[in-house]
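S.K.: Please read through the structure below; I'll follow up with questions.
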Amino acid sequence: QLQASGGGLVQAGGSLTLSCVASGRTLSSYFMGWFRQAPGKKREFVAAVRWSAGTTLYTDSVKGRFTISRDNTKNTVYLQMNSLKPEDTAVYYCAAGPRIITSMARVPSSYDYWGQGTQVTVSS
């Protein structure tokens, strides 16, 4: 089970940190990802981390602004979002999947488990 939190309303240029707590499984073989979906648009990849190695991936539009990290002791993955823009407005979902190869980590269908989503709204 994945429980996401931390969304909210923020002005452009502001920051938010999303959290996703995973329960009920060991994550050592997993990729953990963040995706987002804006109204009328497809769900898109934001960032991912391979739990064991800490390898991170980002979509180009968030590089340098967002940071994904994980805390082994808390079974939690974070998405630190800085310099937020109105186009970052979306529902953000965390996801987890075992044995995902890096080349497939940006694909939503690679993930087996999804959190409930948390709304991020960036005002201009």
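S.K.: Mind listing whichever residues of the stretch 16-46 are assigned to a loop (DSSP other than H, G, I, E, B), open to solvent by less than 60 Å² (accessible area, probe 1.4 Å) and hydroxyl-bearing (Ser, Thr, Tyr)?
M.R.: SER23, SER29
S.K.: On the given criteria, is LEU27 aliphatic (A, V, I, L, M), out of contact with any strand residue (DSSP E or B) (no Cβ under 6 Å at 6 or more places or on another chain), within 23 Å of SER103 (Cα to Cα) and touching a residue at least 12 places away in the same chain (Cβ under 8 Å)?
M.R.: When the stated conditions are applied, LEU27 passes them.
Conditions (1) more than 13 Å from the chain's Cα centre (by Cα); (2) among the hydrophobic types (A, V, I, L, M, F, W, C); (3) under 19 Å from LEU2 (Cβ atoms), marked per residue:
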| residue | (1), (2), (3) |
| --- | --- |
| PRO39 | yes, no, no |
| THR56 | no, no, yes |
| THR59 | no, no, no |
| ARG70 | no, no, yes |
| PRO98 | yes, no, yes |
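S.K.: For the stretch 77-124, what are the residues that are closer than 12 Å to VAL49 by Cα, surrounded by 18 or more Cβ atoms within 10 Å (Cβ to Cβ) and among the hydroxyl-bearing types (Ser, Thr, Tyr)?
M.R.: Selection gives TYR78 alone.
S.K.: Do we have VAL77 as of a type in the set (Val, Ile, Thr), under 17 Å from SER23 (Cβ atoms), touching a residue at least 40 places away in the same chain (Cβ under 8 Å) and assigned to a strand (DSSP E or B) here?
M.R.: For VAL77, the condition - of a type in the set (Val, Ile, Thr), under 17 Å from SER23 (Cβ atoms), touching a residue at least 40 places away in the same chain (Cβ under 8 Å) and assigned to a strand (DSSP E or B) - is met.
The values are calculated or read from the model by the stated rules, or taken from the named source; none is laboratory data. Not measured: the values here are computed from a predicted model. Ideal geometry is used to build each Cβ from the backbone, glycine not excepted, and the neighbour counts take in all protein chains shown. Just so you know, the surface numbers come from the protein's heavy atoms only, side chains and all, with ligands and any DNA or RNA stripped out. Shrake-Rupley method; radii C 1.70, N 1.55, O 1.52, S 1.80 Å.
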